[in-house]
Amino acid sequence: MKRTLFSSILFAAAVAGTNAAAAPIRVSDVWSRPATGTAVVYATIHNDSAEPDRLIGATSPIATHADLHESSETKMPAMSMSSGSMGNMPMNGSIMSMKTLPAIPVPARGTTSLKPGGYHVMLDLRHDLRAGETVPLRLHFAHAGWIAVTATVRPIR
Ligand SMILES: [Cu+2]
């Protein structure tokens, strides 16, 4: 009898612990753009827990592959624009590039924004994306596990 009661308490504690850990990550404002070949997905990720987490992967039925990317803009020194010795310099004086990341950090009790010019999920598309379409995605977090979200394809303005 005593042992049964003890087991029940342990079980209740385990369930409570599971529930407490089940919803530390909230994902909002998930969106994409009309695209052919590859598409970007942006989102806002909120971490309500005291532990940092990491987005470590993503999948979507409309994509053959998904990567985590970070865009960055490299400013070219103004000097090289007029030197005449570097003919391939872009006229706007900067180069946009992106790299694949193993993970995107989400700080404890913090927010990480996936947005144009920064972090994003890159999809290799099975079909073109059109404005108004919705895209199911699953985001994989190191601690929170898999979270299903839906991206809305916003028109290009
Ligand atoms: Cu990218």
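Take the conditions (1) surrounded by fewer than 17 Cβ atoms within 10 Å (Cβ to Cβ); (2) more than 11 Å from the ligand (Cβ to nearest atom); ILE104 misses just one of them, which is (1). A residue that is assigned to a strand (DSSP E or B), within 16 Å of the ligand (Cβ to nearest atom), exposed (fewer than 10 other Cβ atoms within 10 Å of the Cβ) and modelled with pLDDT of 75 or more cannot be found anywhere in the range 88-95. For the range 40-61, the set of residues classified as more than 16 Å from the ligand (Cβ to nearest atom) and either among the aromatic types (Phe, Trp, Tyr) or not in a strand (DSSP E or B) (or both) consists of ASP48, SER49, ALA50, GLU51, PRO52, PRO61, listed by residue number.
When the range 36-54 is filtered for residues that are within 14 Å of ALA151 (Cβ to Cβ) and buried (at least 16 other Cβ atoms within 10 Å of the Cβ), the ones remaining, listed by number, are ALA39, VAL40, VAL41, TYR42, ALA43, ILE45.
The values are calculated or read from the model by the stated rules, or taken from the named source; none is laboratory data. Predicted, not measured: the structure shown is a model, and the values here were computed from it. Ideal geometry is used to build each Cβ from the backbone, glycine not excepted, and the neighbour counts take in all protein chains shown.
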